[in-house]
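The values are calculated or read from the model by the stated rules, or taken from the named source; none is laboratory data. For clarity, every value in this text was computed on a predicted model and none was experimentally measured. Here the Cβ positions follow ideal geometry from the backbone for every residue, glycine too, while neighbour counts run over all protein chains shown. Heavy atoms of the whole protein, side chains included, go into the accessibility calculation; ligands, DNA and RNA do not. Shrake-Rupley method; radii C 1.70, N 1.55, O 1.52, S 1.80 Å.
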Amino acid sequence: MNKASKPARPSSPTASRAAAAARERDSSMAVEERMYQDIYDAIMEHRLPPRTKLTEQTLCQIYDTARHTVRKVLSRLATEGMVDLEANRGAFIASPSHAEVRDMFELRNILEHAVLEKVGREAGTRQIAGLRRMVEEERESYLSGDRPRWIRLSAQFHLALAELTGNALLVDTLRKLVSRTTLMIAKTEAPGHNACSFDEHETVLEALESGDVEAAQEHMAHHLHLCEDRVRPDADDQFDLRAVLGKGL
């Protein structure tokens, strides 16, 4: 005769609380990541212009989350140079002064000159081919009218190039500079003037492929000079966070 199976032992209160806490953490992290990505994309796609205020209360309402989650996201964006945190005033989309923009492009030129020096010596054909595919995707995005993807790829090209050096600190430093300068580039360009041109990226790669590091550095310096010229004056437009991030909520 088979023994009657024992009923399953109910979970202890401690285990139940731990499981609930884990679910809450996962949910909070998901909201945090979504908020970060939404704001980052809106900045890079110029849907939120410089000096837009990121009001904590409004963000809490949009994402149905607590203030500490909002503050973590704003702190992360500030670390990356996308947001300025001002004492007793709050968080604003970064708006570098013209002097700061000039200094940032000067530093970018120094760093990216060094990047090309190292990449030119060490990068292989396969790695350069990966960058070329990125430039082709950038071109396709622009021609198909997918502006958000085009802007993202335009910025990512410089970081992908830096990643080939294997120097994580250099990449982190350049990431902040690229983010902060890209958000200042004009949201509308004159015909034939791209915010971060794939054609200019391609000339850099062609020089690298031919083994001419000096030419690659000259092309990059010219490209960064053109990017700096495309920075627009400060905008006075006021944007509603709910309209941009709330998706109709």
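For residue 99, indicate whether it is at pLDDT 95 or above, of a type in the set (A, V, I, L, M, F, W, C) and open to solvent by 30 Å² or more (accessible area, probe 1.4 Å). Talk me through it step by step, then tell me what you get.
Details: at pLDDT 95 or above: no; of a type in the set (A, V, I, L, M, F, W, C): yes; open to solvent by 30 Å² or more (accessible area, probe 1.4 Å): yes.
When the stated conditions are applied, residue 99 does not pass them.
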Next on the checklist: Can you find a residue that is within 22 Å of the chain's Cα centre (by Cα) and at pLDDT below 75 anywhere in the stretch 15-35?
Outcome noted: yes
Item to check | Cβ-Cβ under 9 Å pairs, at least 6 apart or on other chains, the stretch 103-130 side farther than 18 Å from residue 201 by Cβ and open to solvent by 10 Å² or more (accessible area, probe 1.4 Å), far side of a type in the set (Ser, Thr, Tyr) and part of a helix (DSSP H, G or I) | outcome: 104/181; 107/173
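Filter the stretch 67-94 down to the residues that are touching a Cys at 6+ places or on another chain (Cβ under 7 Å) and either open to solvent by 30 Å² or more (accessible area, probe 1.4 Å) or of a type in the set (Ser, Thr, Tyr) (or both) and list them by number.
Keep residues of the stretch 67-94 that are touching a Cys at 6+ places or on another chain (Cβ under 7 Å), which gives 67, 70.
Within the stretch 67-94, just 67 meets the criteria.
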Item to check | All positions within the stretch 189-210 that are at pLDDT below 80 and within 17 Å of residue 109 (Cβ to Cβ) | outcome: 196
Checklist outcome for this item: Restricting attention to the stretch 143-178, the residues that are touching an Asp or Glu at 6+ places or on another chain (Cβ under 7 Å) and basic (Lys, Arg) number exactly 3
Item to check | Extreme residue, farthest from the chain's Cα centre (by Cα), among residues of the stretch 38-49 that are surrounded by fewer than 20 Cβ atoms within 10 Å (Cβ to Cβ) and part of a loop (DSSP other than H, G, I, E, B) | outcome: 47
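Determine whether residue 133 is open to solvent by 30 Å² or more (accessible area, probe 1.4 Å), basic (Lys, Arg) and either over 20 Å from residue 44 (Cα atoms) or in contact (Cβ under 8 Å) with a residue 24 or more places away in the chain (or both). It would help to see each step written out before you state the result.
Working: open to solvent by 30 Å² or more (accessible area, probe 1.4 Å): yes; basic (Lys, Arg): yes; either over 20 Å from residue 44 (Cα atoms) or in contact (Cβ under 8 Å) with a residue 24 or more places away in the chain (or both): yes.
So residue 133 passes the test.
The rows are residues; the columns are (1) surrounded by fewer than 14 Cβ atoms within 10 Å (Cβ to Cβ); (2) at pLDDT 85 or above.
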position: 187; (1), (2): no, no
position: 212; (1), (2): no, yes
position: 218; (1), (2): no, yes
position: 224; (1), (2): no, yes
position: 240; (1), (2): yes, no
position: 244; (1), (2): no, no
position: 249; (1), (2): yes, no
Checklist entry - Which ranges mark the helices (runs of 4 or more DSSP H) fully within the stretch 50-167 that have 1 or more residues being basic (Lys, Arg)? => result 67-79, 98-122, 125-143, 147-163
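Please verify whether residue 166 is open to solvent by 20 Å² or more (accessible area, probe 1.4 Å), within 20 Å of the chain's Cα centre (by Cα) and over 23 Å from residue 245 (Cβ atoms), treating the condition exactly as stated. Break it down into steps so the answer makes sense when it comes.
On the way: open to solvent by 20 Å² or more (accessible area, probe 1.4 Å): yes; within 20 Å of the chain's Cα centre (by Cα): yes; over 23 Å from residue 245 (Cβ atoms): yes.
Against the criterion (open to solvent by 20 Å² or more (accessible area, probe 1.4 Å), within 20 Å of the chain's Cα centre (by Cα) and over 23 Å from residue 245 (Cβ atoms)), residue 166 qualifies.
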